[in-house]
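Below: the structure, in structure tokens.
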Amino acid sequence: MSEGIDNPATSKDSMNHPPSKSPSTLRHILAPTDFSPNSEKAVNCAIQVAKLVGAKLTLLHIVHEPSALDYAMQGIPFDETQGCQQKAEEKLTDQLAKAKLEYQNVDSIQTIALHPHDEITKAATDLSADLLVLSRHGYKGWRYASFGSDAETLDDAPCPVLVIC
């Protein structure tokens, strides 16, 4: 006996109108990664969420662009910068391969930026991401006070942010 409770899926009204697409539907998830253990946890969580809702997942790695403060008198050799980018690309390729073992609808992007926060926000906007899944650096004490975390500065993100600790 079902007194007073209508099942929306079988009510007469819902039979006449197809269900509308919810604005909270997750279609694209962005997971920035720096290959740290904390970041790996966040990527694994993003894979599980993407699988659960059938969303596309994009892994994003940002190679730090040297600033004027990073340069010595003669600058950073081009080969060294190129080597860092190449190592990062290899790590991202490995992480993508591991992710695809669990879920096929995954791709990856690597960019170069001086400020990761800005690049994460830009990528989320460009990809029309519905959710950002990222980790904190895991810094404590003075390191946390000095460096903070990009996860805590994404107030201007174009979508919800899930921070994995």
- Task: Give Lys56/Lys98; Lys100/Lys122; Lys41/Lys98; Lys41/Lys91; Lys51/Lys98 a once-over and call out the pairs whose C-alpha atoms are over 22 Å from each other.
- Result: Lys100/Lys122
- Which FRET efficiency value, to the nearest 0.05, is calculated for Asp156 and Ile112 with the Förster distance at 22 angstrom and r the Cβ-Cβ distance? 0.55
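Coordinate-derived values only; no laboratory data. Remember, predicted model here, so these are calculated numbers, not experimental data. Note that each Cβ is placed from the backbone with ideal geometry, even for glycine, and that neighbours are counted across all protein chains shown.
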